[in-house]
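Novice: Below you will find the structure I want to go over with you.
The values are calculated or read from the model by the stated rules, or taken from the named source; none is laboratory data. As the structure is a prediction and not an experimental result, all values here were calculated from the model. So basically every Cβ, Gly included, is an ideal-geometry build from the backbone, and we count neighbours across all protein chains shown.
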Amino acid sequence: MPPADVPPVGTRIRQARLARGTSLRALAREVGVSASLVSQIENGKSQPSVSTLYAITTALGISIEALFEAGEVTTASPAAAAPGTVLHALAAFAADPGRRIGPLVTPDEREVLELDSGVVWERLGHVPGSDVDFLLVTYRPGGASSSSGGLMRHTGTEYGCLTSGELILTLGFDEYTLRPGDAVCFESTTPHRYRNDGDVPATGIWFVSSVVQ
């Protein structure tokens, strides 16, 4: 759907929480944040960081794909929400294997999700039956995948190529500086974090597979 038609992230999270019968405080405890922050996210006064969004969708048993749907958010099956998974994290965009996005997606048709700390995901396409997300990712100046500075991890493998700007990748105990043309690939279960310390946006193309190698 066009970006203008995407329901507010907070509204989708509240719908999923109520459908699961989880109180606001219980969700906050499970995610490891304050109840006030969850309330602000649900009311649209604050956007979650990438890592917080991972934690919320995992706790509620939903996919990130559900945040883009027009109907009521429903929780995933117990099997899909098994403990220890992140419900495919980015790759959970493809929760509906029969839904095609493309073959042509113009800039004004992209699904856009803007997160806390200046991170923007734009979905570039999806082929039914695949377990790969095709994303244009932008980190604005000062943007980071985790506003708290913590590292994140999720199932699958990710491949990225930076096209503009400069991005710092913390991967395990190592740190790398990505410049235009640089590419990365690693198992997403490795603790990692991206941040933009520069004064211009850092943009790149990312493929994230939910298939465990």
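Novice: For Ser146, only one of the following conditions fails: (1) in a loop (DSSP other than H, G, I, E, B); (2) surrounded by fewer than 20 Cβ atoms within 10 Å (Cβ to Cβ). What is its number?
Specialist: Exception for Ser146: condition (2).
Novice: Let me ask something additional. Can you spot a residue in the range 155-166 that is touching a helix residue (DSSP H, G or I) at 6+ places or on another chain (Cβ under 7 Å) and at positive phi?
Specialist: For the range 155-166, residues touching a helix residue (DSSP H, G or I) at 6+ places or on another chain (Cβ under 7 Å) and at positive phi: present.
Novice: Determine, yes or no, whether Leu169 is free of Cβ contacts under 8 Å to residues at least 40 places away in the same chain, buried (at least 16 other Cβ atoms within 10 Å of the Cβ), more than 15 Å from Ser51 (Cβ to Cβ) and among the aliphatic types (A, V, I, L, M).
Specialist: Judged against the criteria, Leu169 is not a match.
Novice: Continuing with the same structure: Is it the case that some residue within the range 163-176 is part of a loop (DSSP other than H, G, I, E, B), modelled with pLDDT under 95 and not assigned by TED's automatic domain parsing to the domain that holds Tyr54?
Specialist: Yes, there is a match, as at least one residue in the range 163-176 is part of a loop (DSSP other than H, G, I, E, B), modelled with pLDDT under 95 and not assigned by TED's automatic domain parsing to the domain that holds Tyr54.
Novice: Same structure, new question: When the range 101-160 is examined, which residues are found to be of a type in the set (D, E, K, R) and under 20 Å from Phe173 (Cα atoms)?
Specialist: Arg153, Glu158
Novice: Further, regarding this structure: Condition test on Arg123, is it assigned to a strand (DSSP E or B) and more than 23 Å from Pro103 (Cβ to Cβ)?
Specialist: Taking the combined requirement at face value, the residue does not satisfy it.
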